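Scroll down for the structure; my scribbles are underneath it.
The values are calculated or read from the model by the stated rules, or taken from the named source; none is laboratory data. What you see is a predicted model, and the numbers here were worked out from it, not measured in a lab. A quick note on method: Cβ atoms are made from the backbone with ideal geometry, for glycine too, and the neighbour counts reach across all protein chains shown.
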């Protein structure tokens, strides 16, 4: 089975532009997580879904960030408008009930975002 | 105070030596503790989990947990250059076992 697939792998955009990051979880996984990684703040959980429903979005920095999961095989993270401080690597991870709480998160390769 | 603290390193050890990586956490209610390895430019991958005080061994890796001191460590015996990576410590939220707090990671360099 393919792993978690993220796109784009790299995105360079200008401040104020809208950015959409996409994620396809592993088939059969019912948990999906969006993380952001920076040198300063490390790996931070932004939001996670269970069965396509957002469960905890307390890590979403502000209203400029939004995430959706319209079905079990697709999720998006949108930033509008983008700012230079949003520059980071954004990881999507998926897991399945019974493995989530044992730390078995399957990460995608990440989307590196640079906002100029 | 951050939920998980790690020394950013880099920690340099010669090949064949023992590498010792350390982590402290702030919430006494955390029950599950994890070590992830992240190669440069790659995504994190789980290498060890520990839930009880004491040691847990898996091949060349040993995880150690001391809940009284709120301290987790990872020992890598017979370090190899292929172990060179950033090691992330993670703990679960006591209020939501599906939510993990990650440290910023310790960069390990194993020199041939």
Looking at this structure, is residue A:75 in contact with a strand residue (DSSP E or B) (Cβ under 6 Å, 6 or more places away or on another chain), away from every other protein chain (no Cβ under 14 Å) and farther than 18 Å from residue A:25 by Cβ?
no
Based on this model, can you work out whether residue B:20 counts as surrounded by fewer than 18 Cβ atoms within 10 Å (Cβ to Cβ), assigned to a strand (DSSP E or B) and within 11 Å of the chain's Cα centre (by Cα)?
yes
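Kindly indicate which of A:54, A:70 is loosely packed, with under 13 Cβ neighbours inside 10 Å, in a strand (DSSP E or B) and without any contact (Cβ under 8 Å) to a residue 60 or more places away in the chain.
On the way: A:54 fails: loosely packed, with under 13 Cβ neighbours inside 10 Å.
Just one listed residue meets the conditions, A:70.
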Heads up, the strands (runs of 3 or more DSSP E) in segment B:23-92 (entirely inside) with at least 1 residues that are touching a helix residue (DSSP H, G or I) at 6+ places or on another chain (Cβ under 7 Å) and closer than 18 Å to residue B:104 by Cα are B:45-50
Against the definition (surrounded by 16 or more Cβ atoms within 10 Å (Cβ to Cβ) and more than 23 Å from residue B:111 (Cβ to Cβ)), how does residue B:13 come out, yes or no?
no
Picking from A:59, A:16, which residue would you name as being part of a loop (DSSP other than H, G, I, E, B) and touching a strand residue (DSSP E or B) at 6+ places or on another chain (Cβ under 6 Å)?
A:59
Which pairs have Cβ atoms under 6 Å, sit 6 or more apart or on different chains, and link a residue in segment A:97-110 that is at the interface with another protein chain (Cβ under 7 Å from one of its Cβ atoms) and more than 13 Å from residue B:48 (Cα to Cα) to one that is assigned to a loop (DSSP other than H, G, I, E, B) and modelled with pLDDT of 85 or more?
A:107/B:43; A:107/B:44; A:108/A:4; A:109/B:43; A:110/B:43
For segment B:62-84, enumerate the residues that are away from chain A (no Cβ under 14 Å), within 14 Å of the chain's Cα centre (by Cα) and surrounded by 15 or more Cβ atoms within 10 Å (Cβ to Cβ).
B:62, B:64, B:70, B:73, B:75, B:76, B:83, B:84
Looking only at segment A:105-114, decide whether some residue is more than 21 Å from residue B:91 (Cβ to Cβ) and more than 13 Å from the chain's Cα centre (by Cα).
yes
How many residues does segment B:94-103 hold that are part of a loop (DSSP other than H, G, I, E, B), at the interface with chain A (Cβ under 7 Å from one of its Cβ atoms) and either without any contact (Cβ under 8 Å) to a residue 24 or more places away in the chain or surrounded by fewer than 21 Cβ atoms within 10 Å (Cβ to Cβ) (or both)?
0
Here are some conditions: (1) away from chain B (no Cβ under 11 Å); (2) touching a strand residue (DSSP E or B) at 6+ places or on another chain (Cβ under 7 Å); (3) outside any loop (DSSP other than H, G, I, E, B); (4) farther than 20 Å from residue B:44 by Cβ. Residue A:85 meets all but one. Which one does it not meet?
(2)
Residue identified as modelled with pLDDT of 95 or more and touching a helix residue (DSSP H, G or I) at 6+ places or on another chain (Cβ under 6 Å) among A:48, A:31:
A:31
Taking segment A:33-51 on its own, how many of its residues are within 19 Å of residue B:36 (Cβ to Cβ) and in a strand (DSSP E or B)?
12
